[in-house]
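Here's the structure, in structure tokens; my notes come after.
The values are calculated or read from the model by the stated rules, or taken from the named source; none is laboratory data. In this text the structure is predicted, and so the values were computed from the model without any measurement. Here the Cβ positions follow ideal geometry from the backbone for every residue, glycine too, while neighbour counts run over all protein chains shown. All accessible areas refer to the heavy atoms of the entire protein, side chains included, with ligands and DNA or RNA removed. Shrake-Rupley method; radii C 1.70, N 1.55, O 1.52, S 1.80 Å.
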Amino acid sequence: MNQNLEFLRKIGNISETSFEKLQDLANYRKFPAKTVLADSTIIPTKVYMLISGVITAYVNSENGKQFNKQLFTPISFAGALTAILKNRPSEVIYKTLTDCKVYEIDFEEFKELCRIEFEVGRLYVKLLEHIFITYENRSLDLMRLDATERYLKLREQIPNIDNLIPQYQIASYLNITPVQLSRIRKKLNFI
């Protein structure tokens, strides 16, 4: 069975026929590391199903400090959905941290398919629920877990994270400084 269909079926029930219609909308793309997928310069129209690599979503403070909102790893969905829905440039920058392979979908075409294919519409609702739960869990982790616990949880979720992306990106995602991360890694004997 197609691994992408298998993944989508874990989120919501979808037939092979509906999956094929969804697949017809998708364009397979490869992006090199450091490719900006969305930022404040244009109104985004695409969403992505990440099948390999790492994508970050971040904001920059006025003094230029980067705050990672989210790290996306396979298989997951990434895209400036708020900007797409509001039809304005994204306040959040979406950028590949590594070489990435994705399925790119035009969001308006996807919404039209949702209107005519009940299963795809239901899948969209399930995806939104999944994304909401993921963001809520991240917020709760930032409130409940200390920095070491957040780092260990991230390593559990992405076992090779230390080899995939720079340490300052990991530190930003954990909402700590690179120096704090270095101390945590040293204390845990990960250096």
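So here's what we get for this one:
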{"quantity": "Conditions (1) open to solvent by less than 50 Å² (accessible area, probe 1.4 Å); (2) not in a helix (DSSP H, G or I); number of the one not met by residue 41", "calculated": "(1)"}
{"quantity": "Test: residue in the range 143-156 that is among the β-branched types (Val, Ile, Thr), more than 30 Å from residue 182 (Cα to Cα) and modelled with pLDDT of 95 or more", "calculated": "no"}
{"quantity": "Number of the condition not met by residue 181 [criteria: (1) under 15 Å from the mean Cα position of the chain (by Cα); (2) buried (at least 17 other Cβ atoms within 10 Å of the Cβ)]", "calculated": "(1)"}
{"quantity": "Residue list for the range 1-11, filter: over 20 Å from the mean Cα position of the chain (by Cα) and in contact (Cβ under 8 Å) with a residue 12 or more places away in the chain", "calculated": "2"}
{"quantity": "Unique match (being of a type in the set (Val, Ile, Thr), at pLDDT 95 or above and touching a Pro at 6+ places or on another chain (Cβ under 9 Å)) among 55, 43", "calculated": "43"}
{"quantity": "Tabulated pairs, the range 87-101, first farther than 11 Å from residue 38 by Cβ and among the aliphatic types (A, V, I, L, M), second open to solvent by less than 30 Å² (accessible area, probe 1.4 Å) and in a strand (DSSP E or B), C-beta under 7 angstrom, 6+ apart or interchain", "calculated": "97/55; 97/56"}
{"quantity": "Residues of the range 35-68 that turn out to be within 11 Å of the chain's Cα centre (by Cα) and at positive phi, as a count", "calculated": "1"}
{"quantity": "When residues of the range 123-150 are limited to those that are of a type in the set (Val, Ile, Thr) and open to solvent by 50 Å² or more (accessible area, probe 1.4 Å), the one farthest from the chain's Cα centre (by Cα)", "calculated": "125"}
{"quantity": "Any hit, the range 17-30, residues being in a strand (DSSP E or B), hydrophobic (A, V, I, L, M, F, W, C) and open to solvent by less than 30 Å² (accessible area, probe 1.4 Å)", "calculated": "no"}
{"quantity": "Complete set of residues in the range 12-26 that are over 18 Å from the mean Cα position of the chain (by Cα) and closer than 15 Å to residue 104 by Cβ", "calculated": "22, 23, 24, 25"}
{"quantity": "So residue 119, is it surrounded by 11 or more Cβ atoms within 10 Å (Cβ to Cβ), acidic (Asp, Glu) and over 16 Å from residue 181 (Cα atoms)", "calculated": "yes"}
{"quantity": "Within the range 58-83, tally of residues that are part of a helix (DSSP H, G or I) and surrounded by 20 or more Cβ atoms within 10 Å (Cβ to Cβ)", "calculated": "1"}
{"quantity": "Residue tally, condition farther than 18 Å from residue 81 by Cα and among the small types (Gly, Ala, Ser), over the range 96-149", "calculated": "2"}
